[in-house]
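The next block holds one structure in the form of structure tokens; read it before the comments.
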4 protein chains.
Amino acid sequence: MLERLRSRLEEEMETLAQSPYLARVMEPGFADKRLYAIYMCETYHYTKHNARNQALVATRKEDIPVNYMKYCLHHAEEEAGHEMMAFHDLKKIGIELKLEDLPKPLSSTNALIGYLYYVAENENLFARLGYSYWAERVYEFMQPLLGLMGEGLKIPETAMTFFVQHAEIDAGHAEEVDQIIERFIKNEEDYLAVEATMIASLKLTSKMLDEVFEEFVKIKEGKPTRYTFLEQLGIN
Amino acid sequence: MLERLRSRLEEEMETLAQSPYLARVMEPGFADKRLYAIYMCETYHYTKHNARNQALVATRKEDIPVNYMKYCLHHAEEEAGHEMMAFHDLKKIGIELKLEDLPKPLSSTNALIGYLYYVAENENLFARLGYSYWAERVYEFMQPLLGLMGEGLKIPETAMTFFVQHAEIDAGHAEEVDQIIERFIKNEEDYLAVEATMIASLKLTSKMLDEVFEEFVKIKEGKPTRYTFLEQLGIN
Amino acid sequence: MLERLRSRLEEEMETLAQSPYLARVMEPGFADKRLYAIYMCETYHYTKHNARNQALVATRKEDIPVNYMKYCLHHAEEEAGHEMMAFHDLKKIGIELKLEDLPKPLSSTNALIGYLYYVAENENLFARLGYSYWAERVYEFMQPLLGLMGEGLKIPETAMTFFVQHAEIDAGHAEEVDQIIERFIKNEEDYLAVEATMIASLKLTSKMLDEVFEEFVKIKEGKPTRYTFLEQLGIN
Amino acid sequence: MLERLRSRLEEEMETLAQSPYLARVMEPGFADKRLYAIYMCETYHYTKHNARNQALVATRKEDIPVNYMKYCLHHAEEEAGHEMMAFHDLKKIGIELKLEDLPKPLSSTNALIGYLYYVAENENLFARLGYSYWAERVYEFMQPLLGLMGEGLKIPETAMTFFVQHAEIDAGHAEEVDQIIERFIKNEEDYLAVEATMIASLKLTSKMLDEVFEEFVKIKEGKPTRYTFLEQLGIN
């Protein structure tokens with residue numbers, strides 16, 4: 001089942017890689033630190049809910065295999081507070097602001113957040129594994145983008161903790177997810193729920209990235225923005 | 001504020017109207033009853049949650065203005081069971097199946113459902129009005145599509161109760177929503193929450209329609225489908 | 001089933017009527033307006049949640065018979081805001097305070113509130129009817145107590161709206177509950193869930209009344225109290 | 001604050017120790033294994049929810065101090081599955097039954113369960129610590145009762161894992177709770193929320209024990225019982 005899931009993920013990633021927005025982001029001179037900052041702001045928002053919606057799976061009233069319950073709680077504990085890495089990175093590229101002054105999540109970010117809570121509370125008991133499956137191994141797909149950010153946008157490594165440190169932590173997590181899937185996903189119904197959640201959360205994340213891009217373009221065009229803190233970067 | 005919201009809705013609807021998928025749907029000979037059936041199936045799924053997520057607003061632990069609470073409960077009561085109209089329409093075009101045999105919601109349908117629960121439970125107390133605002137007046141935007149279905153796809157009116165009867169009921173609802181917005185939305189923060197929910201739920205609905213279209217195209221191409229009941233329509 | 005429930009309720013009410021606390025409350029000269037005020041304060045607290053936990057039944061993800069769903073929403077709408085009657089009565093006996101200055105609920109009040117939410121969300125779909133069953137007809141059991149309050153404690157009728165007006169409204173509700181029980185409670189499992197909720201919520205209410213009594217006794221003994229607003233009544 | 005809480009707990013425990021039911025339980029020849037079995041059945045029920053309601057605290061949407069969040073998740077993980085000790089003990093005293101054949105919780109057990117969910121989801125963020133505070137150190141208060149069970153009722157130690165092993169595990173937990181209280185409970189409002197939850201959950205547990213006792217008395221008197229599995233013990 002892991003192979004099937006892996007091949008489904010690669011297929012989906014290929015489709016996403018053809019996004020016209022992504023091509024423009026990779027064009028030399030198009031992107032700048034403001035795009036990274038907007039992205040970190042939204043990353044802060046959805047990441048804040050990851051530990052919570054993961055823990056929620058373990059609070060369902062139905063019978064839950066004890067070891068799956070423990071996995072959910074343990075994994076939630078490891079994710080707790082990771083949103084602060086994104087906030088740290090935002091500050092490290094030169095933005096001073098307080099947590100409470102962050103703009104609210106974009107609507108596509110809220111859609112991702114809301115969907116994951118719904119899955120955690122209501123869908124197949126194992127469905128959320130589909131989100132963990134790709135989220136914990138997304139870094140391998142992101143190499144070109146990380147390269148761009150480091151070199152092209154001149155983001156110092158100290159402002160990339162969310163990606164760099166997270167990638168290390170998540171390598172371990174990806175293995176754990178594989179083990180949990182192998183251990184608990186035994187029938188087609190459970191597998192399909194995991195796969196559906198993988199695809200849906202990936203698409204919602206992709207829509208979030210699109211909206212991040214669109215916000216950046218608006219700013220480049222001099223339109224009003226919710227990300228007023230970007231002025232601090234002094235880019236025009 | 002109603003004018004501002006109205007103009008924002010029209011702007012968004014124009015963007016959606018430019019969807020390449022929509023153009024293909026309108027091409028003579030492209031669509032058939034199977035597209036309508038898939039759409040009704042997903043409509044059943046998300047509609048089933050509308051009364052529930054509407055009622056949920058009234059269960060929030062914070063202080064809620066009594067008349068807004070009553071509106072939420074009253075509106076929820078009126079929406080209760082409307083999913084059965086979609087199921088009825090499905091049967092009327094010639095499909096025999098039991099409720100429990102309907103395929104599960106598409107992942108984009110689940111995203112819409114999950115987002116609305118999240119908004120109802122966690123976002124601004126009035127945010128869900130942004131969903132009602134467009135959902136109750138969407139029928140005026142749908143005239144060309146309804147024309148296509150009636151004539152082009154030869155769907156009899158008895159199999160269009162969800163649209164026809166709903167449009168009548170919802171005309172009254174749209175007025176009520178306007179009144180509630182005028183009465184309770186007094187500041188920019190509340191307005192922006194309503195607008196954000198309008199845009200986000202509209203986009204998620206649009207993604208659902210896209211996925212419905214994609215499923216239909218797959219079927220036309222002879223690929224395997226989750227909508228096995230479509231075979232009953234005898235179209236190839 | 002209604003007769004069986006009725007006879008079970010009477011049995012339980014007889015047990016509660018033998019409470020030693022109740023006997024003391026009825027002793028001439030023992031109680032005063034402060035007891036009534038404490039009771040109204042706690043009544044405000046639990047009543048505030050009644051519409052909410054009633055509506056919550058209608059938000060459950062499982063299949064719900066449409067007419068039962070509508071009943072829950074309709075009944076919730078009718079209960080919305082009734083806590084303000086209790087707050088109004090508190091002010092009418094001569095206490096000036098703002099809603100936000102009310103002391104928090106007693107722990108036994110919170111136990112009742114918490115239990116009803118749990119039942120509404122998790123127990124048998126019809127279980128909450130057991131609470132409505134007795135709560136809507138409790139006034140007939142309360143005649144002696146109401147007499148005491150009106151005459152003995154010299155509470156004017158304008159400060160007894162929660163009881164007087166509520167009793168009138170609830171007479172209609174009691175009939176509706178009977179009809180709903182007759183219509184939907186068809187098997188022993190459902191009946192037992194209704195009965196268990198009736199007994200449990202009645203006992204929790206009785207514990208709340210006990211704690212109200214104990215708080216009153218503490219005040220009479222000159223001990224410190226959370227109900228500082230009682231000083232306004234000028235009783236020593 | 002720990003001393004204040006400790007002294008408040010001892011005060012409450014003294015009141016509970018004066019329960020007339022407890023005196024009868026300690027009378028030689030009164031109790032037998034059936035009382036223990038009923039108690040283990042209810043213990044199974046409420047214990048099943050302890051990890052869940054503990055984890056729920058960490059899923060609240062508000063800001064949560066990261067270390068408190070981690071504590072909640074870690075503690076929940078340690079409690080996961082402990083209800084199986086109670087079920088194991090039930091089988092070890094000679095009862096054969098499947099999990100799904102256990103009778104449903106008594107209404108007082110449901111009141112405790114429901115209250116703890118309410119506290120976890122809605123009350124002060126730290127309030128649930130009041131439950132942990134006493135639950136993790138209750139074993140020291142239970143020595144006489146444990147003595148009775150071991151010797152008087154001839155319950156073998158292998159059928160007392162919930163108490164014996166749990167007491168060992170919980171000694172460590174009690175220390176952790178103390179540390180967390182010292183670290184996070186800084187003001188009177190938080191302290192009072194912890195204390196109120198301690199008292200309320202203790203009283204609800206005490207009511208559960210009373211109902212266990214009453215069920216046992218009914219059985220001794222030959223009345224019908226929900227605990228039909230007790231027949232297997234062959235006591236009359």
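The values are calculated or read from the model by the stated rules, or taken from the named source; none is laboratory data. Small disclaimer: the values here were computed from a predicted structure and weren't measured. Neighbour counts are summed over all protein chains in view; Cβ atoms, including those assigned to glycine, are modelled from backbone coordinates with ideal geometry.
Filtered by the rule that a residue be in contact with an Asp or Glu (Cβ under 6 Å, 6 or more places away or on another chain) and more than 8 Å from chain C (Cβ to nearest Cβ), the range D:89-123 gives D:L106, D:T109. Check whether at least one residue in the range C:163-182 is surrounded by 17 or more Cβ atoms within 10 Å (Cβ to Cβ) and not in a helix (DSSP H, G or I), and report yes or no. Taking every residue of the range C:163-182 in turn, none turns out to be surrounded by 17 or more Cβ atoms within 10 Å (Cβ to Cβ) and not in a helix (DSSP H, G or I).
Conditions (1) closer than 23 Å to D:R8 by Cβ; (2) touching a Leu at 6+ places or on another chain (Cβ under 9 Å), marked per residue:
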{"site": "D:Q143", "(1), (2)": "yes, no"}
{"site": "D:L153", "(1), (2)": "no, yes"}
{"site": "D:Q165", "(1), (2)": "no, no"}
{"site": "D:D178", "(1), (2)": "yes, yes"}
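Considered as a group, the residues in the range C:9-60 that are charged (D, E, K, R) and within 14 Å of chain B (Cβ to nearest Cβ) include one that is surrounded by the fewest Cβ atoms within 10 Å (Cβ to Cβ), and that residue is C:R60. Scanning the range D:186-204 for residues that are more than 11 Å from every other protein chain (Cβ to nearest Cβ) and closer than 14 Å to D:Y131 by Cβ gives a single hit, D:V194. Within the range A:204-219, the set of residues being basic (K, R) and touching a residue at least 40 places away in the same chain (Cβ under 8 Å) comprises just one member, A:K207. Go through (1) over 19 Å from C:G114 (Cβ atoms); (2) within 9 Å of chain A (Cβ to nearest Cβ); (3) charged (D, E, K, R) and name the single condition D:E83 misses. Condition not satisfied by D:E83: (2).
Note on the range C:18-49: among residues that are among the small types (G, A, S) and assigned to a loop (DSSP other than H, G, I, E, B), the one that is nearest to C:I219 (Cα to Cα) is C:A31. Residues in the range D:90-146 that are aliphatic (A, V, I, L, M), part of a helix (DSSP H, G or I) and under 30 Å from D:G234 (Cβ atoms): D:L90, D:L99, D:M142, D:L145, D:L146.
Would it be correct to say that B:G150 is touching a Gly at 6+ places or on another chain (Cβ under 6 Å) and closer than 30 Å to B:P224 by Cα? The answer is no for B:G150.
Restricting to the range C:147-160, give me the number of residues that are in a helix (DSSP H, G or I), crowded, with 16+ Cβ neighbours inside 10 Å and in contact (Cβ under 8 Å) with a residue 12 or more places away in the chain.
Residues meeting the conditions: 4.
Checked against (1) more than 29 Å from C:L73 (Cα to Cα); (2) touching a Phe, Trp or Tyr at 6+ places or on another chain (Cβ under 8 Å), B:E14 passes all but a single condition, namely (2). Within the range D:133-191, restricting attention to residues that are within 20 Å of D:G29 (Cα to Cα) and either touching a Pro at 6+ places or on another chain (Cβ under 8 Å) or among the basic types (K, R) (or both), the residue that is modelled with the lowest pLDDT is D:G152. Tell me, yes or no, whether the range D:82-98 has at least one residue that is within 25 Å of D:Q179 (Cα to Cα) and either buried (at least 19 other Cβ atoms within 10 Å of the Cβ) or within 14 Å of the chain's Cα centre (by Cα) (or both). Within the range D:82-98 (the criterion being within 25 Å of D:Q179 (Cα to Cα) and either buried (at least 19 other Cβ atoms within 10 Å of the Cβ) or within 14 Å of the chain's Cα centre (by Cα) (or both)), the answer is yes, since at least one residue qualifies.
Within the bounds of the range B:61-71, is there any residue that is closer than 25 Å to B:E175 by Cα, within 14 Å of chain A (Cβ to nearest Cβ) and part of a helix (DSSP H, G or I)?
No, the range B:61-71 contains no residue that is closer than 25 Å to B:E175 by Cα, within 14 Å of chain A (Cβ to nearest Cβ) and part of a helix (DSSP H, G or I).
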